[in-house]
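Below: one structure, written as structure tokens.
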Amino acid sequence: MKNNKRGQLTGPIDETKDSAKKVLQEVSRDLPEVTATFHDCQEHNIKQIKDMTNTYLESQKEVAKSLQSAAASTPVVSNVFMTMFFPWMHPQVFAENYVKAVTNLTDAAVSAARLSTDLLQVGMDSTRSSIDHAHANTEALSQYYVEAARTIEESVRGNERRAYRR
């Protein structure tokens with residue numbers, strides 16, 4: 001009868017263990033597909049960012065050429081007042097500043113793409129670390145639970161022996 005009660009108690013635990021094993025096997029089978037999907041997504045993002053950057057820079061090259069052409073056709077000292085108090089409004093200076101702004105914007109976009117990839121890596125590393133810690137904690141707690149249960153069992157048996165002696 002004692003073994004039957006133990007079976008009743010451990011049966012659901014064994015069923016849960018089997019269920020968890022099946023789910024983890026499914027996840028493991030799906031891993032190559034998930035990895036391929038992640039890789040494809042990253043490749044797609046990189047290609048799109050490259051295309052966007054090239055398209056944007058080519059259009060800005062045309063804008064810069066137009067600004068440079070406007071600057072070349074404007075007399076250097078067309079307006080002394082403007083040159084003295086608003087030098088950035090000179091077409092040549094404006095064109096140079098515009099090109100710097102375009103370069104900075106493009107660098108920021110590319111940096112954002114790198115940052116997103118780095119954040120994904122950090123997320124994966126963090127998940128791995130968390131699971132490693134959870135694994136170590138689970139092993140320690142499981143050992144503690146087993147030791148506590150054995151101590152309780154020994155205590156109950158000791159009390160039963162003392163009760164029979166009386």
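The values are calculated or read from the model by the stated rules, or taken from the named source; none is laboratory data. Not measured: the values here are computed from a predicted model. Note that we place each Cβ from the backbone using ideal geometry, even for glycine, and neighbour counts take in every protein chain shown.
Numbers for the structure displayed
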{"read-out": "Any hit, region 156-166, residues being of a type in the set (Lys, Arg) and not in a helix (DSSP H, G or I)", "value": "yes"}
{"read-out": "Residue 13 being surrounded by 11 or more Cβ atoms within 10 Å (Cβ to Cβ), modelled with pLDDT of 85 or more and within 37 Å of the chain's Cα centre (by Cα)", "value": "no"}
{"read-out": "Residue pairs meeting the criteria (Cβ under 7 Å; at least 6 apart or on separate chains; first over 24 Å from residue 10 (Cα atoms) and at pLDDT 90 or above, in region 143-166; second of a type in the set (Val, Ile, Thr) and exposed (fewer than 10 other Cβ atoms within 10 Å of the Cβ))", "value": "none"}
{"read-out": "Near pairs, Cβ below 6 angstrom, 6+ apart or cross-chain, from region 37-49 (more than 14 Å from residue 118 (Cα to Cα)) to any residue that is aliphatic (A, V, I, L, M)", "value": "49/113"}
{"read-out": "Scan of region 105-125 for residues that are over 30 Å from residue 54 (Cα atoms) and surrounded by 11 or more Cβ atoms within 10 Å (Cβ to Cβ), ordered by number", "value": "124"}
